[in-house]
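The block underneath contains the structure these notes are about, expressed in structure tokens.
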Amino acid sequence: MPLFNQKVSPGLSIADDTDILHFLNPDNSDKYIDARTALKNSDIYSIVFQLSADLANGTLKADAPRAQGILNTPTQTSNAHAFWQSMYAQLLLGGECFAYRWRNQNGTDMTWEYLRPSQVTPFLLEDGSGLIYNINFDEPEVGVMEAVPQSDLIHIRLLSQNGGKTGISPLSALANELQIKDQSNKLTLSALGRSIIAPGILSIKHGGLLSDEDKASRSRKFMKQTSDSNNGPIVLDDLEEYTPLEVKSNVAQLLNQVSWTGAQIAKVYGVSDSIINGQGDQQSSIQMMGNAYVKSLSRYAKAITGELNNKLNANINLDLRSAIDPLGDSYATTISNLRKNGTLGANQATWLLQQANYLPDDMPEASTPPVPISTSKDDKSTEGGDNDDKD
């Protein structure tokens, strides 16, 4: 009699090098920084918000109508921009993000449901042919789904140590920096608090050894005298001397000594620290900063489109032009330069600007022909000292 009711193994757990490190050093639990704690840091919140918003401001374009439809309206519980920004923010914080694909009987995507990393547990099939997931849904009617195939899940990863099965959180590289910054903040607050508590020293000369009660009483009387004088001068006799305390420069240096942690956070996410420090560079380097930021966004865009291309079986691109050039002025300048160089015609340049919504589609034609654009030969004719003789 054949055995048809054999128990199927749920799969093998996925391990990486961090599990070995924690096994060798189990007390090193402070190396893990959760997302909720990280977002309390202003630098991390700023950089995650800006990167996720700029990626969400980009346009996902697919060459298949069905894929384009689900990309434009991925969920029914929020708008498309909020959904994608939440996905990208989780990707930046945890190194991976998940979304379950609710599909009909024909396999067409109906809607996607965002999943927290705590809801998803990945496993490797015993034959190594793929991944399966155990998912704990928030809806009581759905409950727990076991052995969900990887084709039913959108799983975007960043850097991985196990062949791309799971991602590594960038926050793991910031554990020491965040601890140093927390201790520095505590030291700064303590120094400032102590400098404010003691505004000055009131010395009593030739008074002998006063008791603690007499010293405290004289301090209260002096403070009352200060308040009663309405910010006027304080009158003391020859037996007393008041010396105000000043906040030393080393206390002020405590406020600036942890600025390097912002640069460390920016380095981990691959962007310039001027983005989170709020300090603009010189005007001549703005274009250079923009090019570097585009390269940073393109690194994350490739990780996103790689997963979407695999799961949706379509050619998908993330157009970041609307994110890095929201007004379209840089794009218009590029088209204008191509027109001046003769690479594009006037009608082609107009068409490109209309496709980019920089110019309206119903723009009327010019009543007079455009002024011809001068070429380099015409410019040289006005210069002197050239030898026009032919050999």
Too long for a 21 Å Cα-Cα cut-off, among LYS295/LYS340; LYS40/LYS267; LYS181/LYS295; LYS165/LYS302; LYS40/LYS181; LYS267/LYS302, are LYS295/LYS340; LYS181/LYS295
Can you put MET223, MET145, MET363 in order of accessible area, largest first, using a 1.4 Å probe? MET223, MET363, MET145
Considering only the other residues whose Cβ falls under 11 Å of the Cβ of PHE123, what net charge follows from Lys and Arg at +1 and Asp and Glu at -1? -1
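Given the peptides 344-351, 265-272, 98-105, arrange them by the average over their residues of other C-beta atoms within 10 Å, most packed first. Spell out each step's value before the answer.
Working: 344-351: 14.1, 265-272: 18.9, 98-105: 16.2.
Going from most to least packed, we get 265-272, 98-105, 344-351.
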Sticking with the crude label model, points 7 Å out along Cα→Cβ, report the distance from ASP138 to THR108 in nm, one decimal please. 2.8
What does the accessible area of THR77 come to, in Å² to the nearest 10, when a probe of 1.4 Å is used? 130
Considering only protein heavy atoms, with the full assembly of protein chains and a 1.4 angstrom probe, order LEU210, LEU91 by accessible area, largest first. LEU210, LEU91
Can you give the net charge of the other residues whose Cβ lies under 13 Å from the Cβ of TYR100, counting K and R as +1 and D and E as -1? -1
Could you give log10 I(q)/I(0) at q = 0.14, 0.25, 0.28 Å⁻¹ for segment 68-128, computed by the Debye formula over C-alpha point scatterers of equal weight, without solvent? -0.48, -1.07, -1.16
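What ranking of LYS205, LYS302, LYS221 comes out by heavy-atom accessible area, probe 1.4 Å, highest first?
Values: LYS205 85, LYS302 150, LYS221 125 Å².
Largest accessible area first, the list is LYS302, LYS221, LYS205.
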Net charge near ASN134 (other residues with Cβ under 13 Å of its Cβ; Lys, Arg +1; Asp, Glu -1) is -2
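What's the ranking of 320-327, 124-131 by average number of surrounding C-beta atoms within 10 Å, highest first? Before the final figure, lay out each step's value.
Details: 320-327: 15.2, 124-131: 12.4.
Going by the mean number of other Cβ atoms within 10 Å, highest first, we get 320-327, 124-131.
The values are calculated or read from the model by the stated rules, or taken from the named source; none is laboratory data. Quantities reported herein were computed from a predicted structural model and do not represent experimental measurements. Note that we place each Cβ from the backbone using ideal geometry, even for glycine, and neighbour counts take in every protein chain shown. To get the accessible areas, we keep the full protein, side chains included, count just its heavy atoms, and leave off ligands, DNA and RNA. Shrake-Rupley method; radii C 1.70, N 1.55, O 1.52, S 1.80 Å.
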